[in-house]
1. Return the residues of segment 311-339 that are of a type in the set (A, V, I, L, M, F, W, C) and touching a residue at least 60 places away in the same chain (Cβ under 8 Å); say none if nothing qualifies.
2. Do the conditions hold for Ser153, that is, is it touching a strand residue (DSSP E or B) at 6+ places or on another chain (Cβ under 6 Å), touching a residue at least 24 places away in the same chain (Cβ under 8 Å), buried (at least 19 other Cβ atoms within 10 Å of the Cβ) and of a type in the set (S, T, N, Q)?
3. Any idea which of Asp235, Asp191 is modelled with pLDDT of 95 or more and under 21 Å from Leu324 (Cβ atoms)?
4. Is there a residue being modelled with pLDDT under 95 and outside the structural domain of Thr45 (by TED's automatic domain parsing) anywhere in segment 219-227?
5. From the list Glu131, Glu201, Glu114, Glu161, which residue is assigned by TED's automatic domain parsing to the domain that holds Leu332 and farther than 21 Å from Thr94 by Cα?
6. Pull up segment 156-172, narrow it to residues that are crowded, with 22+ Cβ neighbours inside 10 Å and hydrophobic (A, V, I, L, M, F, W, C), then point me to the one that is farthest from Cys41 (Cα to Cα).
7. From the list Ser272, Ser265, which residue is within 19 Å of Ser355 (Cβ to Cβ), of a type outside the set (D, E, K, R), surrounded by 15 or more Cβ atoms within 10 Å (Cβ to Cβ) and within 28 Å of the chain's Cα centre (by Cα)?
8. Identify all residues within segment 320-353 that are assigned to a loop (DSSP other than H, G, I, E, B), at pLDDT 95 or above and crowded, with 16+ Cβ neighbours inside 10 Å; write none if there are none.
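The values are calculated or read from the model by the stated rules, or taken from the named source; none is laboratory data. Quick caveat: nothing in here was measured; it's all calculated off a predicted structure. Quick reminder, even Gly has a Cβ in these numbers, built from the backbone with ideal geometry, and neighbours come from all protein chains shown.
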Amino acid sequence: MANDPKYMDIVNWTMEQITIGEFKPKDKFLSEAELGKRFSCSRQTVRHALDMLEKSGYVSRVQGSGTYISSGKPSIKNYSLESDTSSTVGFVSTYQDNYIFPSIIRGLEGVFTEKGIGLQMISTNNMVAGETRALNHMMDRRLDGLIVEPTRSALPCVNVELYRTIIQSGMPLVFIDSFYPELNIPYVALDDVKAGYVATEYLLKMGHKNIIGIFPHNNRQAHLRYLGYVKALTDHKVPIREDYICWYPMQSMLKTMLSKQFDESLSICTASLCYNDSVALMLIDFLRDRERIVPEDFSVMGIDNSELAKFCSLTSVAHPAEKLGESVAKLLLSMIGGSKGENILFEPQLVVRGSVRQLDGRCHET
């Protein structure tokens, strides 16, 4: 069919050649290079086709020797997890040491372990070159599916062609926590626009109108949370002040930028929406250095509801990390089974603690 992935051209051609007797049992089959040249496709596409042919019983591969036509009776079936060979999926993350990662892994492993599926992990360290290396590494593995957390997702995706090669090879692929708009790949994430909206609206309802927004510029989640922040201000008829918004390039530079940009604003503003809990705690330290107490002198709102938020009594919006992992694992399994795959967005949940003061003088706590 015209819409079949490229690897199916190789599979269908091979089956036809075996059926008409061009290749007989125990014959040596074409090499990966020969197939790639014949079908004008990548090595990954060829390997994916050979994987499917091998699982179906049409060919067998001998390490160091090549691929041979099988002598047994083949039994073609759809690419799935029901073969006798062990199954493995890959997970490309930005970091493996942030506070969200362990919960996501628990969610993934809870689903995959039950199905007897292995999980290979690699980190990009949130570097574009790291993502390139990670994707090439995963493409060289015989994986049944791939999960990717996009790197610097607010910037143009420089690995578009690599992703398209993976898609063309037929390997099921899902994004987690964010996405690249250039690519039509299913993703599972928190509804970050609503998260920014819910957090900002809570500050507004507590009487705050001069609200600082702090966001990293290279992260799509941050851009969406900023959009929620702007929508909430607009809906409540509060003017948007560009001088109240801090876009920072990396977290290590945040305190320097706050010192340059917000020392004056802090005398006017009464609250801040922070991109995440980690940024919120850095802001609290920054305020403490200036002898400003939270929430009596200044209110702080985070997003993620991490263990740090619980320890510091930080009001935050919950990130469904473990459920996110479970959902992306189930989505990938459904795609491996032949489903198309749909985007999944989680509704934000506000968790009120003691870091936001109501402007009539009362501290609002649960």
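1. Val317, Ala321, Leu324, Val328, Ala329, Leu331, Leu332, Leu333, Met335, Ile336
2. No.
3. Values: Asp235 fails: under 21 Å from Leu324 (Cβ atoms).
So the residue among Asp235, Asp191 that is modelled with pLDDT of 95 or more and under 21 Å from Leu324 (Cβ atoms) is Asp191.
4. Going residue by residue through segment 219-227, those that are modelled with pLDDT under 95 are 219.
Filter once more, so that each one left must be outside the structural domain of Thr45 (by TED's automatic domain parsing): 219.
Looking for residues that are modelled with pLDDT under 95 and outside the structural domain of Thr45 (by TED's automatic domain parsing), one finds at least one in segment 219-227, hence yes.
5. Unique residue meeting the criteria: Glu114.
6. Of everything passing the filter in segment 156-172, Met171 is farthest from Cys41 (Cα to Cα).
7. Step by step, each of Ser272, Ser265 is checked, and only Ser272 is within 19 Å of Ser355 (Cβ to Cβ), of a type outside the set (D, E, K, R), surrounded by 15 or more Cβ atoms within 10 Å (Cβ to Cβ) and within 28 Å of the chain's Cα centre (by Cα).
8. Hits for segment 320-353 are Pro320, Pro348, Arg353.
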